[in-house]
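Here is the structure we will look at, set down as structure tokens.
The values are calculated or read from the model by the stated rules, or taken from the named source; none is laboratory data. All of these numbers come straight from a predicted model, not from anything done at the bench. Positions of Cβ are generated from backbone atoms using ideal geometry, with glycine treated the same way; all protein chains shown enter the neighbour counts. The protein model used for the area step is the full one, side chains on, heavy atoms only, and it has no ligands, DNA or RNA in it. Shrake-Rupley method; radii C 1.70, N 1.55, O 1.52, S 1.80 Å.
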Amino acid sequence: MNRNLLFALLALVAVSVVVMVSTEKTENPGIAESNIETQGSTISSVGLITDDRIINLEKNEPGNWLSHGRTYEEKRFSPLTEINKETVSQLGLAWQKDMGTNRAQESTPIVVDDIMYLTSSWSIVYAIDAKTGETLWRYDPEVPGEHARKACCDVVNRGVAVYEGMVYVGSLDGRLIALNAESGDVVWEKDTIIDRTRFYTITGAPRAAKGKVFIGNGGAEFGVRGYVTAYNAKTGDEEWRFFTVPGDPSLGFEDPAMEMAAKTWKGGNYWEFGGGGTVWNSIVYDPDFDNVYLGVGNGSPWTRAVRSPGGGDNLFLSSIVALDADSGELKWHYQTTPGDNWDFTAVQDMALAEMEIDGVMKKVLLQAPKNGFFYVIDRSDGDMTPGERLLKAHSFASVTWATHVDMETGRPVQNPDLDYTGQAQWILPGPLGAHNWQAMSVDVDAGVVYIPAQDNPLIYGMNEEWKKTGVLKRDPGGWNTGLEFGRLVQLLLDNIADQPTPKGYLKAFDPLTGEDKWVVEIPHYWNGGVVSSAGGLVFQGDALGMLKAYDKDNGEVLWEFNTYTSMLAPPITYEIDGTQYVSILTGSGGGDMFGGEPLPPVAEHASLTYNNFGKLLVFKLGGKEELPIPEVRDRTIPVQKNLTTDINIIAAGERSYNEYCAVCHGVLSKSAGAIPDLRRMNDGVNENFNKIVLEGILANNGMSSFSDVLSEEQVTNIHQYVKARAEEDRLQAAGEVEMGRLTWQDGAG
Ligand code: CA
């Protein structure tokens, strides 16, 4: 169809939608009537978000943010200049909105004219007046509380897609839901999950293009098989599905890509574990080639020795996969970490650009995956070897698992000294990656990428059971990493002297030369995503609760604002009626809940110090709104009653705790701030401990029953371990014991 004709037809549809809602009184009492009455004149353009409009965003409407990474290219670079190096000192809070959550917020909003669409925790969607913060409508998909346990990294959501009059959200429990952009009413809903006995989740933002909505899922830690599905944007009918790893070969293959991929998996019963390869964050549409790129995740389990004992690359784990947008057929792939052994993934944000490389203009794809190398990939169609597709690959953080990427073969060269199948090893990066989902920003004119990077090592050691028997069964209710999580704390403390220091960075990185233009160190490693602008600024929120504007030329802090809450979400910037705004969601947690309480000297971690306040903060020049200064939270640890003296009980409790509880409540039973710290359990929680863990009486909060994996005795042991940890830390804080692991042992037995 002719594009102009299509546009005219869509305009007609949009107008009739407006007329329809204007005359129809909404039935839903939860939807603000002001939506229709006060916003009617401007809301109509929502219906007009089309491929063409997104493609021409830069030229026609620089003030909007229409797609997840702003444009289809997902550079997260704004051409706006009102807020710039000179004016930023006048930046102030314009308004704030309490999002009613203390769980992590990870959403990138979409801004269409004067409406902002975003998600909060529990996949709840908001349409907000982007000038005032007034809620136009709110949609709660009512995710069952017990589904929280099926998520590796809390009840987070990274945003919606807005397209042709609809708002699309993936709910934590795996539904793709299309809402009317005007009213928030459900238009259609699809169950995207192929196997409800497995722990699938959706936390990523759907992407929409070519009349389709694309969505993947998460769950590789629990043992699932990854795939992405394209649905018809209007009807929700399935258009295609692409699996990222092969299933049981005895059942045949879905497509030639799976037949090819299966040859790279050797031995073992990987399909029983699921294989992994979940596409939980990055899906990018490329109008230049009409491709959809998938960022594919880690293996399930993490360790290749368990899932594919005969070796092999295990396609398409940790790969960038290019599919034909219309058919879902494989066009090409590039694997960043062949045979991934470290939970490295290639799900991090991908940006599309045109860059001059060694004198030749190339259409490139840019990604900084967890493995620590920055990839510049040739995204043109056609057959290329990995070495031909790979244009540049420099490390952007501390990397020890590999020495470099071989530019001839396009493959990383592993460090043979750090093979951990025998001896446990500290390795950089660890599973949180040198860069995670917190988006980077690409500044093509400056030739740099601003990356929220980190050094965060893990001591990788093989599972003890596997070491003894050479086999491991999938645990359907727990994490399946192939590593020794049960004894992780002991392993960590036995090797503490060799631990590389964890830290965070914001850096301006030249992907072609591998040089840092500038680097700013941040004491804590788990910080927020970034946006940069033609105003010469880079914005980032960090773990210390500071939202900062950096000079993009040298990293100098030109403005800062204390939000009193740690941040992960990427800020965005937009313009309405000639006024430029910067917005940020506050609230940390997500993938780092496992890491728990930050190590000293990072006592200033904001969410730990105050609370994990889920807010939406919006700034403009001359903004005068004030943020209340919260009280410092009471972090004293109460005396524990009825603590056992039996060291065996506590040790057994520790193993179960590390396997099932640490993922959310933190290692050493120290919470990072978003989830209750079990060392501070009150009498009520203590009395009901077994009921909470086995009967799910707090399931609505996300603390569901673990009766499928834990016995009464194991729960009692966990309870004792948590109390012992509390007592140890209480005694240390009181100066009654000097230090040391499990000082309660001295008093025990
Ligand atoms: Ca993972």
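Scan region 646-657 and report the pairs whose first residue is open to solvent by 10 Å² or more (accessible area, probe 1.4 Å) and whose second residue is in a helix (DSSP H, G or I) and hydroxyl-bearing (Ser, Thr, Tyr), with Cβ atoms within less than 6 Å and a gap of 6+ or a chain change.
Listed by first residue and then by second, the contacts come to Glu654/Tyr721.
Of the numbered conditions (1) more than 24 Å from Ala543 (Cα to Cα); (2) of a type in the set (Gly, Ala, Ser); (3) buried (at least 22 other Cβ atoms within 10 Å of the Cβ), Gly159 fails exactly one; give the number of that condition.
Exception for Gly159: condition (1).
Against the condition in contact (Cβ under 8 Å) with a residue 60 or more places away in the chain and closer than 27 Å to Ala606 by Cα, how does Ala130 come out, does it pass?
yes
Residue-wise test of (1) in contact (Cβ under 8 Å) with a residue 24 or more places away in the chain; (2) over 20 Å from Gln732 (Cα atoms).
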{"position": "Pro598", "(1), (2)": "yes, no"}
{"position": "Glu604", "(1), (2)": "yes, no"}
{"position": "Gly614", "(1), (2)": "yes, yes"}
{"position": "Ile629", "(1), (2)": "yes, yes"}
{"position": "Val632", "(1), (2)": "no, yes"}
{"position": "Thr636", "(1), (2)": "yes, no"}
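Determine whether Gly204 is more than 20 Å from Leu136 (Cβ to Cβ), within 16 Å of the ligand (Cβ to nearest atom) and in contact with a strand residue (DSSP E or B) (Cβ under 9 Å, 6 or more places away or on another chain). Quick ask: steps written out before the conclusion?
On the way: more than 20 Å from Leu136 (Cβ to Cβ): yes; within 16 Å of the ligand (Cβ to nearest atom): yes; in contact with a strand residue (DSSP E or B) (Cβ under 9 Å, 6 or more places away or on another chain): yes.
So Gly204 fits the description; yes.
Among the residues of region 237-250, count how many are open to solvent by 40 Å² or more (accessible area, probe 1.4 Å) and either within 16 Å of the ligand (Cβ to nearest atom) or in contact with a His (Cβ under 9 Å, 6 or more places away or on another chain) (or both).
0
For region 134-152, give me the residue count where each residue is over 21 Å from Phe214 (Cβ atoms) and within 16 Å of the ligand (Cβ to nearest atom).
Of the residues in region 134-152, 2 are over 21 Å from Phe214 (Cβ atoms) and within 16 Å of the ligand (Cβ to nearest atom).
Restricting to region 699-710, name every residue that is farther than 20 Å from Val143 by Cβ and buried (at least 17 other Cβ atoms within 10 Å of the Cβ).
So in region 699-710, the residues farther than 20 Å from Val143 by Cβ come out as 707, 709-710.
Once the filter is applied, which keeps residues that are farther than 20 Å from Val143 by Cβ and buried (at least 17 other Cβ atoms within 10 Å of the Cβ), region 699-710 yields only Leu710.
From Gly372, Gly430, Gly422, Gly382, grab the single residue that is of a type in the set (Gly, Ala, Ser), at pLDDT below 95 and more than 22 Å from Leu323 (Cα to Cα).
Gly422
Being farther than 29 Å from Val155 by Cβ and of a type in the set (D, E, K, R) is the filter; apply it to region 207-236 and report the residue that is farthest from the ligand (Cβ to nearest atom).
Lys234
For region 188-216, which residues satisfy the criterion of being over 30 Å from Thr71 (Cβ atoms) and aromatic (Phe, Trp, Tyr)?
Phe199
Would you mind stating whether Gly696 is touching an Asp or Glu at 6+ places or on another chain (Cβ under 7 Å) and open to solvent by less than 30 Å² (accessible area, probe 1.4 Å)?
yes
Filter region 617-647 for residues that are of a type in the set (Lys, Arg) and over 13 Å from Ala724 (Cβ atoms) and give the result.
Of everything in region 617-647, those that are of a type in the set (Lys, Arg) and over 13 Å from Ala724 (Cβ atoms) turn out to be Lys620, Lys624, Arg633, Arg635.
Answer with yes or no whether Gly486 is in a loop (DSSP other than H, G, I, E, B), touching a residue at least 40 places away in the same chain (Cβ under 8 Å), open to solvent by less than 30 Å² (accessible area, probe 1.4 Å) and farther than 30 Å from Pro571 by Cβ.
Details: in a loop (DSSP other than H, G, I, E, B): yes; touching a residue at least 40 places away in the same chain (Cβ under 8 Å): yes; open to solvent by less than 30 Å² (accessible area, probe 1.4 Å): yes; farther than 30 Å from Pro571 by Cβ: yes.
Answer is yes for this residue.
Can you tell which of Asp113, Asp98 is surrounded by fewer than 24 Cβ atoms within 10 Å (Cβ to Cβ) and at pLDDT 95 or above?
Criteria check complete, one pass: Asp98.
Quickly run through region 427-445 and pick out the residues that are surrounded by fewer than 24 Cβ atoms within 10 Å (Cβ to Cβ), more than 14 Å from the ligand (Cβ to nearest atom) and more than 18 Å from Pro79 (Cβ to Cβ).
Ile427, Leu428 - these are the residues of region 427-445 that are surrounded by fewer than 24 Cβ atoms within 10 Å (Cβ to Cβ), more than 14 Å from the ligand (Cβ to nearest atom) and more than 18 Å from Pro79 (Cβ to Cβ).
Residue check: is Ser380 away from the ligand (no atom under 16 Å from the Cβ), under 22 Å from the mean Cα position of the chain (by Cα) and polar (S, T, N, Q)?
Values: away from the ligand (no atom under 16 Å from the Cβ): yes; under 22 Å from the mean Cα position of the chain (by Cα): no; polar (S, T, N, Q): yes.
So Ser380 does not fit the description; no.
Just to be sure, is Val360 buried (at least 18 other Cβ atoms within 10 Å of the Cβ), among the aliphatic types (A, V, I, L, M) and more than 16 Å from the ligand (Cβ to nearest atom)?
Criteria not met by Val360.
Considering only residues that are modelled with pLDDT of 95 or more and in contact with a helix residue (DSSP H, G or I) (Cβ under 8 Å, 6 or more places away or on another chain), look in region 50-95 and name the one that is nearest to Val557 (Cα to Cα).
Per the criteria, the residue is Pro79.
Hand me the list of strands (runs of 3 or more DSSP E) wholly inside region 410-456 holding 1 or more residues that are among the hydrophobic types (A, V, I, L, M, F, W, C) and either in contact (Cβ under 8 Å) with a residue 24 or more places away in the chain or touching a Leu at 6+ places or on another chain (Cβ under 7 Å) (or both).
Qualifying strands (runs of 3 or more DSSP E): 425-427, 441-443, 448-455.
For Phe253, all conditions in the list (1) over 22 Å from His68 (Cα atoms); (2) within 22 Å of the chain's Cα centre (by Cα); (3) away from the ligand (no atom under 16 Å from the Cβ) hold save one; what is the number of the exception?
For Phe253, the failing item is (2).
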